[in-house]
Amino acid sequence: MGASAAAAIAGTITIDGKTVPFAEGQTIMDAALAAGVYIPHLCHNPEFKPHGSCKLCVVSVNGRNMTACTMPASANMVVANDVPELNEDRKALVQMLFVEGNHICPACEASGNCQLQAAGYHLGMQDPHFTHFYPPRRVDASHPDIFLDLNRCILCELCVRASRDIDGKNVFGISGRGMGAHLIVNSESGRLGDTNMAVTDKAAQVCPTGAILIKRKGYTIPIGQRTFDRQTLSQFQLERGKRTGSGHE
Amino acid sequence: MSEVHDSGDIGQSLAYICEKHDREPRRLLQILIDVQESCGFVSSEAITVIAQSLGLPRVQVEGAAGFYSFLPLAPAGRYRVLFSDDVTDRMLGSQELMRHFCNRLWLEPGKVSEDQAASADFTSCTGMCDQGPAGLVNGWPVTRLNRERIDLIADLILDRVPVSHWPPMLFQVDDNIRRTGMLLGEAFEPGSAIRALRARGPGGPEAMMAELKTSRLRGRGGAGYSTADKWAHCRESPGTARYIVCNADEGEPGTFKDRVLLNSYADLVFEGMTVGARLMGCAKGFLYLRGEYRYLREKLERILARRRGEGLLGTGIAGEAGFDFDIEIHLGAGAYICGEESALIESLEGRRGRPRNRPPFPAAHGYLDQPTVVNNVETLAFVSMIALDGGKHFAGTGTGESSGSKILSISGDCARPGIYEYPFGTPVQEILDDCGAEEAYAVQVGGPSGVLVSWKEFGRRISFEDLPTAGAFTIFGRGRDILQAVQNYVHFFAHESCGFCTPCRVGTQLQKKIVEKIAGGHGTASDLEELKHLGHLMRTMSHCGLGHTAPNAVLDMLEKFPGAYEQKLGSLSFEPAFDLDAALETARRITGRDDPWAHLPRQP
């Protein structure tokens with residue numbers, strides 16, 4: 001989409017009553033991040049092509065629900081975002097993500113750095129609400145430097161996008177369908193250790209949960225001093241948005 | 001009929017298949033289907049070879065293969081038997097037949113036999129509801145199953161008779177056309193619609209667009225978008241090429257009209273595509289044929305070849321210089337979601353059938369990012385009719401917002417299941433009378449994604465303004481358990497969700513679990529509230545129509561059929577989703593003991 005911060009303003013939209021300018025090609029999310037307006041999101045990361053799968057960023061545009069990270073902004077959109085009804089629904093989506101996988105925060109080395117966990121806090125999630133699925137999922141420790149723990153994968157495809165679009169390696173992909181949809185790696189054995197993934201790859205750095213972990217780094221930053229011990233998810237994502245602009249392709 | 005053979009040299013046959021498809025990445029799904037047909041499954045080694053041959057990342061090939069139900073990634077036996085799991089198949093005893101079949105062959109559902117000979121499983125509706133219970137054997141439809149036929153099939157498998165040598169009566173598929181109207185009742189001469197367009201002279205395409213507008217033809221796939229508007233959008237969108245796609249991925253359970261149209265009215269459909277190609281300037285068209293209708297392929301190829309011979313396809317169609325157009329058949333492989341137009345286009349391009357983000361819409365950015373229209377089989381057949389008879393004639397039938405007629409696929413509790421063509425606006429009761437449904441209690445109009453109509457509403461009419469439908473009309477007689485039907489539907493959506501977005505992927509599963517809990521006698525009032533909550537989430541937060549409509553049948557049942565579930569509720573306050581007694585079942589199986597005193601008492 002190539003809209004930079006310096007791009008000419010194409011029009012304005014309002015988000016919860018606040019007037020927000022947008023440039024040609026920007027999505028509602030791009031415009032919101034640029035204006036410092038927070039719309040919760042998990043699968044979106046402004047460094048990458050928008051995906052639109054987690055649905056946390058669904059907003060109401062002139063009365064119709066739309067996915068903010070993929071919907072292009074257009075003049076005179078009236079967007080409702082930070083409203084109780086939508087936040088309740090977003091909380092339910094986070095609860096869904098919790099129960100479909102195996103997210104054991106107290107025992108997870110990503111605790112405190114995990115955006116799923118932080119989204120739970122942000123949306124006031126007190127319990128998983130839905131019945132846990134306890135799905136049997138794979139753990140892959142075959143790579144010398146990287147753990148792959150599918151118990152925590154939320155199918156955001158950030159690693160897929162990073163490996164394909166930034167690293168140029170296509171280490172990750174998605175196979176299966178429905179509840180059987182799952183992350184796969186680019187080797188006949190199905191083992192990460194048999195791919196050409198390197199710990200320096202962008203794909204190793206983008207997981208919003210603890211599905212992709214760097215070995216031997218788990219506790220270098222102690223609990224209490226981690227990302228979301230120091231700031232909220234909204235602060236973190238707004239800062240990241242400001243840092244990267246809407247520089248995705 | 002192709003056979004699964006124990007080929008000595010898989011590598012050679014893979015190389016041949018890839019070459020046959022020009023090692024073209026867009027043809028990946030067709031390549032995988034050919035590999036499945038020749039090897040019986042898509043092996044890990046095959047995926048690696050295909051990826052190398054096509055120059056694709058291995059993950060992309062594995063991801064595509066893993067998406068489609070008819071592409072097993074592990075051996076599925078020399079005979080893969082799939083029982084259609086439409087609610088009407090169940091009503092006709094398919095589950096008992098499956099048990100009987102498994103007993104005969106010592107099979108466990110979903111697992112391949114130890115000698116790798118056979119496997120049995122259920123599959124989503126195969127579109128044979130008017131002649132069920134039905135199934136697929138190595139992809140070929142078998143109909144009117146009963147104990148005798150199942151015994152015969154079991155014997156044929158035990159004797160290792162190749163499927164191509166099985167008695168043809170097992171595979172007989174009838175049209176069952178019971179009521180004809182403006183479309184099905186008229187004889188059609190191939191080429192006449194194209195010649196009628198040509199006869200309009202240089203302004204023909206413009207005039208034909210005007211006729212389409214006058215006809216007020218709306219898409220017959222269910223959504224009901226104006227065909228003239230869709231085509232105009234495609235015509236006006238800039239592109240280097242334009243495409244027209246016939247959506248024959250008739251996956252909505254209970255719908256089988258496209259099967260009949262393609263079997264007996266294919267010229268009408270292909271001609272509609274050709275007229276569209278002339279109006280929009282398409283050089284290429286696709287027929288996306290659902291895997292379940294693979295048996296129609298050879299027949300359709302022959303019709304296409306005949307039309308090429310008659311100058312109705314190819315270069316200079318009907319003698320008009322520059323009118324070049326041809327149609328290619330593209331097979332699906334068992335994925336309901338590919339009926340959604342943008343998922344269909346993804347599948348056409350050889351990928352997982354995942355609905356795209358919109359905008360942009362396919363009419364501007366579709367196949368290969370070029371302007372593309374995707375139309376239902378029936379819509380295209382009507383285009384031929386409109387080209388011949390004009391838009392006014394067409395619009396003279398039907399209602400204010402729903403012009404013309406509609407072909408219904410009628411099945412379930414009635415004397416005469418089959419294909420019925422009605423003018424839009426026909427009341428449900430009239431249809432029930434015609435097909436011999438004397439004790440109808442409920443009708444599912446439009447399949448699981450449609451509307452569950454109760455006997456109190458039989459005065460409602462088939463139309464976009466009242467009861468829109470892609471054609472399914474499933475009748476439940478008095479005494480049928482609506483909860484069981486709904487259970488079948490929620491199972492269907494959980495199985496067919498593509499898994500892309502959270503609300504649909506997880507919501508359809510949760511919905512299935514709760515409906516099962518209620519059917520098992522453990523439901524409570526709070527479970528009913530939870531179903532409404534999930535329905536709201538799926539309807540408002542999902543990525544595409546599958547998620548938006550997945551809760552329809554559940555919500556309709558809650559509103560209209562309280563009797564179906566109220567008596568089943570275990571308690572009005574709370575019951576845990578976890579059933580401790582049921583959880584002990586595994587231990588009982590492992591130990592081979594089932595002591596009566598080691599059971600937990602059910603709540604009264």
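Among the lysines of chain A, pairs that are 8 or more positions apart or on different chains and have alpha carbons within less than 22 Å of each other number 11.
Shape analysis of the protein assembly as shown based on the Cα gyration tensor places the equivalent ellipsoid semi-axes at 41, 35, 30 Å, largest first. Over the range B:474-561, the hull volume per residue, using the convex hull of the C-alpha atoms, is 89 Å³. Net charge of the neighbourhood of residue A:139, taken over other residues with C-beta under 14 Å away and scored Lys/Arg +1, Asp/Glu -1, is +2.
Each Lys and Arg contributes +1 and each Asp and Glu -1, all at the Cβ; summed about the Cα centre of the range A:188-243, the dipole is approximately 260 debye. The helix-only estimate of mean residue ellipticity at 222 nm for chain B, built from DSSP H runs of length n ≥ 4 each weighted as -39500 (n - 2.57), is -12000 deg cm²/dmol after division by the residue total.
Each 5 Å bin from 0 upward holds the following percent of the Cα-Cα pairs of the range B:215-317: 2, 11, 20, 23, 20, 15, 8, 1, 0. A Förster radius of 22 Å, combined with the Cβ-Cβ distance separating residue A:205 from residue A:104, puts the computed FRET efficiency at roughly 0.45.
Of the GluC sites (Glu not before Pro) found in the range B:112-211, those in coil by DSSP whose Cβ has at most 14 other Cβ atoms within 10 Å are B:114, B:186. Peptide B:502-512 has a mean shielding of 6, counted as Cβ atoms of other protein chains within 10 Å of each residue's Cβ. Restricting attention to chain B, close to 45% of DSSP beta bridges with both partner residues there are antiparallel. Placing unit charges on the Cβ atoms only, positive for Lys and Arg and negative for Asp and Glu, gives the protein assembly as shown a dipole magnitude near 1340 debye about its Cα centre. Where in the range B:46-80 does the amide nitrogen come within less than 17 Å of the point 7 Å from the Cα of residue B:160, taken along Cα to Cβ? Residues B:77-80 fall inside that zone. Between residue A:165 and residue A:244, residue separation times 0.36 nm minus the direct Cα-Cα distance comes to 26.8 nm. Between residue B:207 and residue B:481, the simple label model (points 7 Å from Cα in the Cβ direction) yields a spacing of 6.2 nm. Helical content alone sets the calculated 222 nm signal of chain A at -6000 deg cm²/dmol, taking -39,500 (n - 2.57) per DSSP H segment of four or more residues and averaging over every residue.
How big, in percent, is the set of alpha carbon pairs in chain A lying more than 31 Å apart? Roughly 25 percent, rounded to a whole number.
Magnitude of the charge dipole for the range B:438-587, about its Cα centre and with charges confined to Cβ atoms of Lys, Arg (+1) and Asp, Glu (-1), is about 360 debye. Annotation note: GluC sites (Glu not before Pro) in the range A:1-92 located in DSSP loop regions with a Cβ neighbour count of at most 16 within 10 Å are A:24.
Sorted largest first, the principal axis extents computed over the alpha-carbon atoms of the range A:87-232 equal 41, 36, 26 Å.
Restricting the range B:520-604 to chymotrypsin sites (Phe, Trp or Tyr not before Pro) that sit in a DSSP loop and have at most 12 other Cβ atoms within 10 Å of their own Cβ leaves B:574, B:578. The calculated Kirkwood hydrodynamic radius for the range B:4-143 is 16.0 Å, given to one decimal from all distinct C-alpha pairs. Can you work out the PRE-style zone for residue A:226? Point 7 Å along Cα to Cβ, and I want the residues of the range A:113-147 with backbone N under 16 Å. The answer is A:113-122, A:147. Convex hull of alpha carbon positions in chain B: directionally averaged projected area 28.2 nm².
With both bridge residues required to lie in the range B:385-502, what share of the DSSP beta bridges run antiparallel, to the nearest 5%? The antiparallel fraction comes to roughly 75 percent.
Looking at the protein assembly as shown, the DSSP beta bridges with both ends there are about 60 percent antiparallel.
Could you grab the relative contact order for chain B? Cα pairs under 8 Å, six or more apart, rounded to a whole percent. For chain B, the relative contact order is 13 percent.
Throughout, read-outs are computed from the coordinates displayed, never taken from laboratory work. Small disclaimer: the values here were computed from a predicted structure and weren't measured. Glycine gets a Cβ as well: all are built from the backbone with ideal geometry, and neighbour counts include every protein chain shown.
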